[in-house]
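The values are calculated or read from the model by the stated rules, or taken from the named source; none is laboratory data. All figures in this text were calculated on a predicted structure; none of them were measured in a lab. Virtual Cβ from ideal backbone geometry, glycine too; neighbours counted across all protein chains shown. For accessibility, only protein heavy atoms count, side chains too; no ligands or nucleic acids. Shrake-Rupley method; radii C 1.70, N 1.55, O 1.52, S 1.80 Å.
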Amino acid sequence: MAEFEGKTVNDVSSGKMVFEPILEEGVFRFDCSVNDRDTAYPSLSFTYSKVRDVPIMVQKVPVYIPTFECVNGQQIINIELPTGTSLYGTGEVSGQLERTGKRIFTWNTDAWGYGSGTTSLYQSHPWVLAILPNGEALGVLADTTRRCEIDLRKESTIKFIAPAPYPVITFGPFASPTAVLISLSHAIGTVFMPPKWSLGYHQCRWSYDSDARVLEVAKTFREKGIPCDVIWMDIDYMDGFRCFTFDKDRFSEPETLAKDLHHNGFKAIWMLDPGIKHEEGYFVYDSGSENDIWIQKADGRPFVGEVWPGPCVFPDFTQEKTRLWWAKLVKDFVSNGVDGIWNDMNEPAVFKTVTKTMPDSNIHRGDPDVGGCQNHSHYHNVYGMLMARSTFEGMKLANEKKRPFVLTRAGFIGSQRYAATWTGDNLSNWEHLHMSISMVLQLGLSGQPLSGPDIGGFAGNATPKLFGRWMGVGAMFPFCRGHSEKGTTDHEPWSFGEECEEVCRLALMRRYRFIPHIYTLFYMAHTKGTPVATPTFFADPKDPRLRNIENSFLLGPLLVHASTLRDQGSDGLLHVLPKGIWLRFDFNDSHPDLPNLHLQGGSIIPVGPPLQHVGEANVTDDLSLIVALDQHGKAEGVLFEDEGDGYEFNEGGYLLTYYVAELQSSVVTIKASKTEGSWTRPKRRLHVQLLLGGGAMVDAWGIDGDVLQIIMPSEPKISNLITISEEQYKNRIESAKQIPDVEEVSGHKGIELSKTPVELKSGDWVLKIVPWVGGRMISMQHLPSGTQWLHSRVEVDGYEEYSGVEYRSAGCSEEYTVFERNVEQAGEEEESLNLEGDIGGGLVLQRQISIPKNDPKVIQIDSGIIARNVGAGSGGFSRLVCLRVHPVFTLLHPTEVFVTFVSIDGSKHEVWPESGEQLFEGDLRPNGEWMLVDKCLGLGLVNRFNVDEVYKCMIHWGTGTVNMELWSEERPVSKESPLRISHQYKVRAIS
């Protein structure tokens, strides 16, 4: 086994960082010392690592110089910026757009069902984009692959904490955030040029269970006239989840399936995971073992971990020989008619482990150019990117004349060079719809423009209103895919009734008209590093009104303004528009569930004609230009065209047309001012639509390439056209078929109860409780620290109570009745919720959750099993019952947590994840208090309880979770002798 290659940490403990200019003017590298500069690990974020290590000759010096402190092997970096600075970026993160007040940790995590307070998702981008009060922008990159804390809780201050040593790179300040992102792209590379078909709509499900079902879905899209270009095959197409194989019964002829899909205008994308089944005789395992490419344990033997196929080994993508081995497998796989590949589970995710991944002590025998032989903690965050790189290279090996399309779940800053991404296993609820906009924008602000969410939500059942609204905004995202998990209702666009189907059809028709514009934005992103989708404040970075807007975004000069509130359509939005001229328009397709569109004055955007033949959506004969003049009567725009695939555009095989419009003497002249590329302009009609305001427009037809003129109407005529247009818009909105405003209901005993969480917010806490599952608490967020100690989806985990020692919940699998459907506020003394659930046999489970007014730092929970009506002959007593308090706490940093307490007998205990499940009874019970400690956060969650009510305590470590259970004694109850457990939670700082 190769020896672990360590690095020397500098001897200086604090001070200002030393700097040198790199890459280009305005970019600086900072290190704690010259010694650290010389011993830093190679950069995996930079396209070419040596660029980061070679100084350039410039006279400019940095405006902001970070300070550092080295403590216990951790390097703490602080950058103080002017008051009024707004902070963005931080990569793939949930929660708010403006990041001030937030803290995240870069540690790629299988974060199924994440919430707004989750601190680590599937990708790592140790990057912050700061917008200064004057509108200038500064980018800051902590160039480390290790777990990194990004702490933005102090206003106008950026703090990074990660194992030493690592350099910090600053970009700017530059005049605009776009300039910073362009400069960043010169370091980390631009997005790969996507094939044009990949910008259409994608339909996916875990899983379409057979090739017959895949073709049925494809056929339905065509029959219903709903645009779609791609169908995805999730993991169930494989033979026993073995990668590079096909199920012999359900997907026996993949080439035939691909041909049938291609014949109907669809592409086919197939999933590949990193976990390779540990099974002799399986050709992938055998060849990998022969080539000695598996990640090893500390003792030098291959690491085996559980994933979908069962016991698995994992390719070590830090070695070139492994990447080439994988690429050759991909090359052969593509010959089955594979058009794109989906890399999932590549954090890497490992089942049946507290950390959800492999041990930090595992060994990667990396090549010197990526950092050499290191343990897993060094390479964990880049594993997914290196896998995506290998998959991308394998697809190029298969056909150098086609552009690969790879989608990856895990990634690192720089992975946009090889793969698109999506925002992971989100939830079918309104919070996740709203959050999806900010998540896509943050990825774009962190160098990854090709992203989108699972439209409609992955986990849970979308309602018709939610799905239609999500499709409306999702159709305008850079990457557009619907996806849902097993066990949910069907989530195809036609699955929610005629009204929702029509909204989806309108939304996707709209997207396909915008593909010429979106494709042009991606060409600019690929060649120049400009962003694709950006926050609204990009239109005017100096305007503080725009910096927190989360329900609108820009696609170039196109402003998309969407409603993400269930009870408010886009027709009820109050638009916050940037300064200048912004003209509303549509395609006569306005609907309350579709976003509003505005075009910035001075802009021209190209759009395609209305779709006539769905299935040939990217083939256009005519071209339309939408024109919005500025205050000077001018406008300009650009259109990129090529074959839509391949690399001829690198050799001049394209047409880039710059269009201009100018108003002179009441005549607007539109023409192609200049062109680039060797492509001959197609012979086609040109339709120009000149916006006047209020949705009104005048148009004219001509031949593309010729000069076209439009006579500007008189002021009274324009006013009249605007009045007519606004009336028509109002009529379209009022006559639109509304999607039924219904929520899915619980089927238990026929009672219709909402899944919408009730929020309890007071003092230090925000709690979310779902009334209909016996009062399940699904979120427990501590405001001062920004920490979400408990987060779950509605149907599983969270905070529950059980009615017996058996693993069954009164609000889960047993039938029940909720007596208090309307959660009551308990007066002015405190914020509280009172709930009951029927657990049968005359028993009810009661709970009061409160935040006391006299102690707002505490959550108080009083639970009990009460006898309401015990049957005759029972002596007034119920069956044997046990009250079992069962909270499932989320472990943000699974390797850094433990439970600590002092027992009744005075003995001290620290219970770590390796201990598995442990029971504490008698005098070994905690003496009324135990605490879940997160060393990384420096915080402990204290659980205090009445020890006289608690018979035993149990700790159970799960996959990324821990249960800290309180059990009452097991006995019958009567009306006079209920079972009760009263307990509370509080957060304590840990030194």
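Tabulated data for the structure shown
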{"read-out": "Which of ARG389, ARG776 is most accessible, then next, and so on - probe 1.4 Å", "value": "ARG389, ARG776"}
{"read-out": "Global form of the range 481-529, assessed from the alpha-carbon gyration tensor, a/c cut-off 1.5", "value": "oblate"}
{"read-out": "Anchor LYS935: aspartates and glutamates whose Cα lies under 12 Å away (excluding residues fewer than 8 positions away in-chain)", "value": "GLU896"}
{"read-out": "Label-point gap, in nm, between GLU914 and GLU320 - each point 7 angstrom along Cα→Cβ", "value": "3.8"}
{"read-out": "5 angstrom amide H check on THR47, placed H, neighbours 5+ away", "value": "ILE188, GLY189"}
{"read-out": "Crossing angle, helix 320-334 versus the chain [Cα axis fit, 0-90 degrees, rounded to tens]", "value": "70"}
{"read-out": "Cleavage-rule hits (trypsin sites (Lys or Arg not before Pro)) in the range 127-161: DSSP loop, at most 16 neighbouring Cβ within 10 angstrom", "value": "ARG153, LYS154"}
{"read-out": "Area accessible to solvent at GLU759, 1.4 Å probe radius, in Å²", "value": "100"}
{"read-out": "Magnitude of the charge dipole, the chain, Cβ model with Lys/Arg +1 and Asp/Glu -1, debye to 20", "value": "1560"}
{"read-out": "Tensor-based shape of the range 504-638 (alpha-carbon gyration tensor, a/c under 1.5 rounded, otherwise prolate or oblate)", "value": "oblate"}
{"read-out": "The chain: angle of helix 498-528 to the longest principal axis, Cα-based, in degrees nearest 10", "value": "70"}
{"read-out": "Cβ-based charge dipole, the chain, positive-most Cα from SER982, ALA212, ILE581", "value": "ILE581"}
{"read-out": "Estimated inter-spin distance, GLN59 and ILE733, nm [label 7 Å along Cα→Cβ]", "value": "5.7"}
{"read-out": "C-alpha long axis of helix 211-224 to longest principal axis of the chain, angle in °", "value": "50"}
{"read-out": "Percent accessible area from carbon and sulfur atoms, the chain, protein chains only, probe 1.4 Å", "value": "49"}
{"read-out": "Cα-based Lys proximity count in the range 13-188, under 27 Å, for pairs eight or more positions apart or on separate chains", "value": "10"}
{"read-out": "Solvent-accessible surface (1.4 angstrom probe) belonging to VAL307, in square angstrom, nearest 10", "value": "10"}
{"read-out": "R0 of 35 Å, Cβ-Cβ distance GLU929-ARG566: FRET efficiency to nearest 0.05", "value": "0.25"}
{"read-out": "Förster radius 41 Å - calculated FRET efficiency between SER13 and SER907 (Cβ-Cβ, nearest 0.05)", "value": "0.60"}
{"read-out": "Under 5 Å, built H, 5+ apart or other chain: amide partners of GLU831", "value": "ILE851, LYS853"}
{"read-out": "Taking the chain and dividing mean pair separation by its residue count, relative contact order in percent (alpha carbons under 8 Å, at least six apart)", "value": "8"}
{"read-out": "HN-Hα J in Hz across the range 243-258 - Karplus 6.51, -1.76, 1.60, θ = phi - 60°, x for Gly and Pro", "value": "4, 6, 10, 10, 4, 6, 9, 9, 9, 6, 10, x, 5, 5, 4, 4"}
{"read-out": "Charge-dipole axis of the chain as Lys and Arg at +1 and Asp and Glu at -1 on Cβ define it, positive-most pick from LEU129, SER714, PRO972", "value": "SER714"}
{"read-out": "Per-residue HN-Hα couplings for the range 60-77 [Karplus 6.51, -1.76, 1.60; θ = phi - 60°; Hz; x = Gly/Pro]", "value": "5, 10, x, 7, 10, 10, x, 9, 9, 8, 10, 9, 6, x, 9, 9, 9, 10"}
{"read-out": "Full-extension gain in nm, GLU759 to SER714, via 0.36 nm per residue minus C-alpha separation", "value": "10.7 nm"}
{"read-out": "Residues whose placed amide H lies under 5 Å from that of VAL354, excluding near-sequence neighbours", "value": "GLY960"}
{"read-out": "Of SER428, GLY300, THR961, farthest towards positive along the dipole that unit charges on Lys, Arg, Asp, Glu beta carbons give the chain", "value": "SER428"}
{"read-out": "Number of Lys pairs (Cα under 26 Å; 8 or more positions apart or on different chains) in the range 188-294", "value": "13"}
{"read-out": "Euclidean distance between Cα centres, the range 412-473 to the range 674-740, Å", "value": "31"}
{"read-out": "Shape category assigned to the range 416-568 from the gyration tensor of Cα positions, a/c cut at 1.5", "value": "prolate"}
{"read-out": "Extension reserve of the ILE724-LYS224 stretch, reckoned as 0.36 nm per residue once the Cα distance is removed", "value": "176.7 nm"}
{"read-out": "Only Lys, Arg (+1) and Asp, Glu (-1) charged, at Cβ; the range 671-742 dipole about Cα centre in debye", "value": "380"}
{"read-out": "Theoretical FRET efficiency, 1/(1+(r/R0)^6), r = Cβ-Cβ of GLU651 and TYR48, R0 25 Å, to 0.05", "value": "0.65"}
{"read-out": "The range 923-976 versus the range 515-548: alpha-carbon centroid distance in Å", "value": "50"}
{"read-out": "DSSP-assigned coil residues among trypsin sites (Lys or Arg not before Pro) in the range 42-116, each with at most 10 further Cβ atoms within 10 Å", "value": "LYS60"}
{"read-out": "Test item: Cα-centred dipole of the range 201-422, Lys/Arg +1 and Asp/Glu -1 on Cβ, debye", "value": "640"}
{"read-out": "Separation between Cα centres of the range 559-588 and the range 153-200, rounded to whole Å", "value": "29"}
{"read-out": "Debye log10 I(q)/I(0) for the chain, one point scatterer per Cα, at q = 0.04, 0.07, 0.08 Å⁻¹", "value": "-0.20, -0.63, -0.83"}
